[in-house]
Amino acid sequence: MSATFWQWLTRSLFQHPVSNPSSGLNPSDFDSIAIVDEPIYPYQLGRVQFRCSWWPARCLQETVISPGQLVRVIGQHNITLLVEPTRFSVRDKTRQSQSE
C-alpha cells in the first residue's frame, strides 16, 4: 500500500477525538446519546457505540441496560463513559420513524 494511504489512515485513526478515546470528550459531548452494544450491569463495565466508535461504559445506577438500549452520556472517567439509561431503545426509534 502507498505511503499516502498510511498517512491518511494514521491521521484518520489517531487525530479524530472519538477514534482516540484517551484524548477525552468535549463538554458538549455530555448529554449525548449512545447505543448499548454489550450489557451494562450495575457498577460494571459494558460497551456502547458512541460517535462512530465503541467505548467502555459504566452505569452507576442499580439497573441492567440491555444491548440496543439508548443511554445518555453524563461523564467520563479515563476512557470509560459514564452513562444513564433512557426509556428508549433502537427498536423504539425504528418503529417511530416507520410510523411517520
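Values for this structure:
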| quantity | calculated |
| --- | --- |
| Length released on extending from Arg51 to Ile33, taking residue separation times 0.36 nm less the Cα-Cα span | 5.6 nm |
| Cut-off 13 Å (backbone N to label point 7 Å along Cα→Cβ of Tyr43), residues of the range 52-75 | 59-63 |
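Bear in mind that the values in this text are calculations on the coordinates, not laboratory data. Just so it is clear, the structure is predicted and the values come from calculations on it, not from any experiment. Every residue, glycine among them, receives a Cβ derived from its backbone with ideal geometry; neighbour counts consider all protein chains shown.
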